[in-house]
Every structure is written in C-alpha cells, then in structure tokens.
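Participant: Let me give you the structure first, and then I'll get to my questions.
Bear in mind these aren't lab numbers, they're just calculated from the coordinates by the rules spelled out. In this text, all values refer to a predicted model and were calculated from it rather than measured experimentally. In this analysis, Cβ positions are derived from the backbone assuming ideal geometry, glycine residues included, and neighbour counts consider all displayed protein chains.
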Amino acid sequence: MAFIQCDFFSEVLGLCCSMNVILPQQTTGQIGMKGHAFDRKHPTLYLLHGLSDDHTIWMRRTSIERYAAPLGLAVVMPAVHRSFYTDMDRGYRYWTFISEELPAIARSFFPLSDRREDNFAAGLSMGGYGAFKLVLSCPDKFAAGASLSGALDMASLEERHTTPEFVNIFGDLSKIRGSRNDLFHLAEEVAKSDGPKPKLYQCVGTEDFLYEDNIRFRDFVRGLDLDHTYEEGPGTHEWGYWDMMIQKVLAWLPIREKKCKFS
C-alpha cells in the first residue's frame, strides 16, 4: 500500500489541516504482506480518532495498513482535534468539514469511489460517535459505520459533564437531546425513513468507562428497524482492544468483491 501524509487547506475551517491516507496497491513481491487493488476507484474507510489523538494515531497504535492491504481498501484518517465532529457552538465547523469538504477534497486528490456502497466510517471513542453520526446523518452516502468504545450518549452530558469544553462544543447541553448531535435521534429518524439504512457495528469492552453508554445505545437501536451488530467482551479503553477489534470491523465491512477473509 501507499502511505501518504497529506497537508492541505480547508476553506470551511479557514486553516491548514492534515490527514493520513493509505491507498491500495496490487503487490506480489512484498515479504510478509500481499497487497490487493480493485480495477476501479477504491472503496474507502474514513477512520476517525478519539478525543486526545490526531490523524496519526491509527498508524502509530495499530497495524491498520497491514490489515487493509489484502482488502483493496483505502483508509482516510483526518484530524479534527477535540471537536466531537461537530460544528462547534464556539469554535470551528468540523461537522461541515468532515461530512462535506473532506470527502470532496480527498476524492480530488486520490482515486476514491463516491459510490455509497463503497464508503464506510469507523472510529474509536469520540471517533466512534463521529462515525455513527456520519453514517446516520448521511445514509445516502455511507453503506456502513462502526463504533469502537464509542462515546454514544451525548444527551447525557448535561447530567454528567457541564464543563466549559463541552459547552464550547455543543452550546446549551440541554438542547442536545433530539438534535442533530444526538445519535439516538438520528438512528430513530433513519429507521423510520424510506431511504437507505446503513449497517451498524458496535463494540465495547465490559470494563470500559463508556460501557453503560454503549448498553443504552445498543438497547435503543435493538428496537429499531436497523441492521445492527453488537459485540462485547473483556477490555478497557485502550489500544490493545482497538487493534483487535478494528480487524473484526474490516472483516465485517460490506466491501464489494471482497477477496480476503480474516480468521
């Protein structure tokens, strides 16, 4: 695969941004790894970082390049800082950036497919929230989304975290419930619609501090008309767990013409 460190300007944010991108390459001579690429524009996973991380973290903490190589899957890893993938109440328009501008810019630079069935999102913690927000807000653009240890219950912030940072991000926390920043609301809207419904994959460690948030979301979604896969097991909020689970996410993704199966 090709690994590209890309710096570019965002008109939406009004500043220079960064993303790491891995692109499929057909290979036979590499020792220890065989690459695959489709003879068309690449299916793409937007892989999102957590609160304390940046666009480099998935490459530094996991073997995502090695896992994606046999699948013919491009992976786009952008930086959004501590924004919760939101048009911040007192800050930058990161939701508009991640949902509209970034895919357009990435496709202008690289041969990435714009077909719904070729586009997916996944992330951990804050990025798990961002991934579900992306696919549930844009079900016509994304076929599937995965949350690893996601911060999924933003509406409960008013009860637990009235910190200035969250107020800067979301504004009046009492207004999150039922808004475009509420995953429960978004999931219910998609389930009731006549439009396309993305597949959802959710996992969390049973010792994770976000476990109860994940259980609430799991139980809510189970009552909706959505294709939802849930998995839990021993684990905390750490990279050993996420490195293991991202492999399961890649095996689960509905990539057309998938050539490789994970054990």
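Participant: Please rank 142, 97, 8, fewest neighbouring Cβ atoms within 10 Å first, as an exposure proxy.
Facilitator: Going from least to most buried by this count: 8, 97, 142.
Participant: Could you work out which residue, out of 127, 145, 72, moves most in a Gaussian network model of the chain, that is, has the largest mean-square fluctuation with Cα springs under 10 Å?
Facilitator: 72
Participant: Which three lengths, in whole Å and largest first, does region 1-95 cover when its Cα atoms are put on their principal axes?
Facilitator: 51, 27, 18
Participant: Separate question: Which value at 222 nm does the chain reach when only helices count, each DSSP H run of 4 or more adding -39,500 (n - 2.57), with the total divided by all residues and rounded to the nearest 500 deg cm²/dmol?
Facilitator: -8000 deg cm²/dmol
Participant: Tell me the relative contact order for region 122-263 as a rounded percent, counting alpha carbon contacts under 8 Å between residues six or more apart.
Facilitator: Answer for region 122-263 is 25 percent.
Participant: Let me check I have the definition right: for region 177-259, take the eigenvalues of the Cα gyration tensor, multiply each by 5, take square roots. What are those semi-axes in whole Å, largest first?
Facilitator: Semi-axis lengths for region 177-259 are 23, 19, 10 Å.
Participant: Report the percentage of all Cα-Cα pairs in the chain whose separation exceeds 32 Å, rounded to a whole percent.
Facilitator: Everything past 32 Å amounts to 17 percent.
Participant: Okay, moving on. Could you tell me the center-to-center distance, by alpha carbons, between region 22-84 and region 160-231 in angstrom?
Facilitator: Centre-to-centre (Cα) distance: 25 Å.
Participant: When the C-alpha atoms of region 81-229 are aligned to their principal axes, what extent does each axis show, in angstrom, from largest down?
Facilitator: Taking the Cα atoms of region 81-229, the three principal extents are 43, 35, 30 Å.
Participant: While we're looking at this one, here's another question. Please determine, in degrees from 0 to 90 and to the nearest 10, the orientation of helix 126-137 with respect to the longest principal axis defined by the Cα atoms of the chain, where the helix direction is its Cα long axis.
Facilitator: Between helix and principal axis, roughly 90 degrees.
Participant: Taking amide hydrogens as modeled 1.01 Å from N in the peptide plane, which residues meet the under 5 Å criterion relative to residue 237, leaving out close sequence neighbours?
Facilitator: 209
Participant: Next up: Based only on other Cβ atoms within 10 Å, what is the fewest-to-most ordering of 136, 173?
Facilitator: Listed from fewest to most nearby Cβ atoms, that is 173, 136.
Participant: Exposure proxy check: 153, 227 ranked by fewest other beta carbons within 10 Å?
Facilitator: 227, 153
Participant: If you average the sequence gap of Cα pairs under 8 Å that are 6 or more apart and divide by the length of the chain, what percent do you get for the contact order?
Facilitator: 17
Participant: If you look for lysine pairs in the chain that are eight or more places apart or on different chains, how many of them have Cα atoms under 15 Å apart?
Facilitator: Close lysine pairs found across the chain: 12.
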